[in-house]
Every structure is written in C-alpha cells, then in structure tokens.
Amino acid sequence: MAHLRHPPADLPRFAAIIVAAGTGTRAGQAIPKQYVRWRGKPVLRHSAESLLTAGAAPLVVAIAPDAADMAREALAGLDSIMLIDGGDTRRASVSAGLEALAIDAPERVLIHDAARPTLPQPVIDRVLAALDTYPGAIPSLPVVDTIARTKEGVMTGQEDRTTLARVQTPQGFAFDAILSAHRAWDSTSEPTDDAQVLRANGGDVAVVEGSTKLAKLTFPEDFAMQAAPVRMGTGFDVHQLTEGEELWLGGIKIDHDKGLAGHSDADVALHALVDAILGAIGNGDIGTHFPPSDERWRGAESGQFLAHAVSLAADAGYRVGNLDLTIICEAPKIGPHKDAMREKIAELAGVQVDAISVKATTTEKLGFTGRGEGIAAQAAATLIREDFE
C-alpha cells in the first residue's frame, strides 16, 4: 500500500455512493441510526451534504426498501440524489449502487458509510488525489494502542502497530476497477469494506491520511459522546414584593417586612437557576414543567424545581459544572445570606460549594427593583457531559 498526503488542484468531478441500508440496531435508537437527528439534522444528511458540496454527481444512496419515506424526508431539498434499494449485506448494497451508476459510468466513485456523518473536505481531496496514481484509495488513522493477541483470557503476544491502520470511509476507486472487482467477488464470503474487494481482484490501494472527525456512530454511547461536551444556559425571573408573604431567596428564608408573591414560594433566585439549567439542555422553562395553573405547585418549595432540573440534565447526559446567580434588589441585603444560599444551592444541585456563585446588585434606585416593588434574578448554568474529562 502506498501512502499519499497532498492532493493536486483542479480535481475532476466524481460520483458517490452512501451505504445506508442497515438497521443500525446496535445504536439502540428507535429508528435506524442513519435517520436519527444528530446535531440538528438526520445523520445521513450530514455526509450527503458534504459529498454534494464537494462535487459528487450523482450521489447514490442505498437504502432499505421499507425506509424510502424516512430517506426522502432526511434528504429533502438536496439535488442530484438517486435513491436505490440496498441489499441484505453491505457488499450487496454497494454492488447495487455501482450497477446503478454503470448506466452512465463516471471515471471515479467514492463509497461512504452513512454512519460517519462528519466528512471533512480535506479527506475527500486526499482520496480523490490518490486516484490519479492508484485504482483505489482509503483514508486511515494510525493505531496508537498496543494490540494484543489473546487466548482464553491470557495474552499470547502482540502485533507491530506500526504496520497497522484504522480504515475509514469514504473509500475512492476508479469506477471500472471497483465495478469489475465487485462483479468478480466470490459471493460465498463477505468483505468488510470495498478496498478488500479491489485488492482481491488485483488492484492496489493507496492509504491517505484520514481524520478523527470521521468517527463512526455505532453504539448508544457514540451518540452521547458526539454531544457537545459543555452546554450553557441562562435564566431570568421577577417576582413582586408584597406584605404578608414569606421571603425565600436561594432556598433560604430571610426575615423581611415583605415577601415575594407567586404560585409557589416564589423563590426568584432558584427559578432563574432552573431556567438556566433547562435552557442549557433545551428543555423548555420552569412554566413548562411546573405551570402556575397546576394546584400541585401552590406554595411549593422551589428547591424541588431545581432538583428536578438537575435530574433532567442528568437524563440528558450532563452534570452541573457551575451555577452563577445574581440577585437584583434594594432590600434586603443579600451579603449576610450568600454563604447559606451557596450551600443550599450546592446541596440541591449535587455539586461542591465552590461551583456556586451568588452575587447581588442594585439598580441605583431605578425601576421596579429600585423602588422596592420586586426582586429580580438572573442566572447562568454550565453543564458538562458526564463522560467528558
């Protein structure tokens, strides 16, 4: 295998095939993983857009016969796409795609797995450039871990990792060469990729630099790992100060001649924190989860709202990194209560006290807070993905 890195300029156009006929059962999703929304759109659409932008024409997408509606929805609005029925195996799906292209055969074709949504343009360039010299080309990454041979739970040896590589897609081929290789393949066995098919038919395969961005989505944790490692949200709330009410701020009862009016205990500080956390995970606001029309929450302690928001973040795969709260009022003085608030909020959020900031400010006698008519609070929340170090 030859190793190439630098593509020439002005590469000619090419055709492409995306293999998307699998069921993706190992991904643990309700529908085949290629149609699951990932970073705002279906997994399949990501690589389809990248290949079309790079100049693929046509782009053949091999799908399961019963997935036509999902495929059309996932690819709606994209041009130069040909949907075909795939086969029971990856090889059969690729063969079907090649035969569909053979009617008006291109010079070159890229074959890509739908489960690799992030497809960097430089990788496409390197693969296409290698086809100027070789009938096949694959992107790959070096093996960085020790590869051990084992038998019955005991290490028996290890491989020389300098001779090994992790193979990715898209794999590129001279069209006539890969079509002939697929037609000649012994159907009694199944190849793991198309480079294997070409090599079995005597074709050389160049190895070019791949990308860590070409990660394959296979298991449920892969979808979680691809989520943003850090998410942020903000919250803001206001409640009116009235006589005859208790004043709860930051989970602490404070002696004051007035209290905050609201359906629950009206803890404006905790309410802002709840909205900040819910905002970070894109899950509505406090009114969505605890509507004031619901009598269950009349006079309720707002601490349970905050604990619920934290649990929703955990369900989404995130833990609280830090919470930053600013209380806006003329009175009462917040300073003497800051430490108690931090401790209570840390307890509710399940974090150390040093992850909680409580600040206070006034509006210099301006506005409703300046006139002592109410108290406002704004908050920011940083959430960290559970598996992120």
*asked:* Can you tell me the mean projection area, over all orientations, of the convex hull of the stretch 270-389's alpha carbons? Units nm², please.
replied: 8.1 nm²
*Note down the net charge around ALA307, summing +1 for each Lys or Arg and -1 for each Asp or Glu among other residues with Cβ under 11 Å from its Cβ.*
-2
_Output needed: percent of Cα pairs per 10 Å distance bin for the stretch 152-292, bins running from 0 to the one holding the longest distance._
9, 19, 17, 12, 10, 12, 11, 7, 2
_Contact order normalised by length for the chain, with contacts defined as Cα pairs under 8 Å and 6 or more residues apart; what percent is it?_
15 percent
*Starting from the Cα coordinates of the stretch 3-225, work out the convex hull volume and express it per residue in Å³.*
145 Å³
*Ranked by Cβ crowding within 10 angstrom, fewest neighbours first, how are THR169, THR192 ordered?*
THR192, THR169
*Read phi for every residue in the stretch 234-242 and hand back ³J(HN,Hα) as whole Hz from Karplus 6.51 cos²θ - 1.76 cosθ + 1.60, θ = phi - 60°, with x for Gly and Pro.*
10, x, 8, 8, 9, 9, 7, 8, 9
*Over 17 Å [Cα-Cα, the stretch 332-389], rounded percent*: 53 percent
*asked:* Counting other beta carbons within 10 Å of each residue's own, what order do ILE18, ILE286, ILE328, ILE31 fall into, fewest first?
replied: ILE31, ILE328, ILE286, ILE18
*With N set to the residue count of the chain, report its C-alpha Rg divided by 2.2 N^0.38 Å to two decimal places.*
1.37
*Hey, in the GNM for the chain with a 10 angstrom Cα cutoff, which one of THR369, THR133, THR146 fluctuates hardest?*
THR146
*So what's the projected area for the stretch 90-190, the Cα convex hull averaged over all directions, in nm²?*
9.1 nm²
*Cα gyration tensor shape of the stretch 258-340, rounded if a/c is under 1.5, else prolate or oblate by comparing a/b with b/c*: oblate
*Cα centroid separation, the stretch 136-199 to the stretch 38-105 (Å)*: 23 Å
*If Lys and Arg each add +1 and Asp and Glu each add -1, what is the summed charge of the other residues whose beta carbon sits under 15 Å from the beta carbon of LEU325?*
-4
*Sorted by Cβ neighbour density within 10 Å, fewest at the top, the residues SER311, SER187, SER80*: SER187, SER311, SER80
*Each residue of the stretch 366-372 in order: what ³J(HN,Hα) in whole Hz does its phi give by Karplus 6.51 cos²θ - 1.76 cosθ + 1.60, θ = phi - 60°, with x for Gly and Pro?*
8, x, 5, 6, x, 8, x
*Among residues other than LYS338 whose Cβ falls under 12 Å from its Cβ, what is the net charge (Lys/Arg +1, Asp/Glu -1)?*
+2
_Rounded to whole Hz, the Karplus (6.51, -1.76, 1.60) HN-Hα couplings of the stretch 267-272, x for glycine and proline_ = 6, 4, 5, 5, 4, 5
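The numbers here are math on the coordinates, done by the rules we state, and not lab data. Since the structure is predicted, the reported quantities are computational estimates derived from the model, not experimental observations. We place every Cβ from the backbone using ideal geometry, glycine too, and count neighbours over all the protein chains shown.
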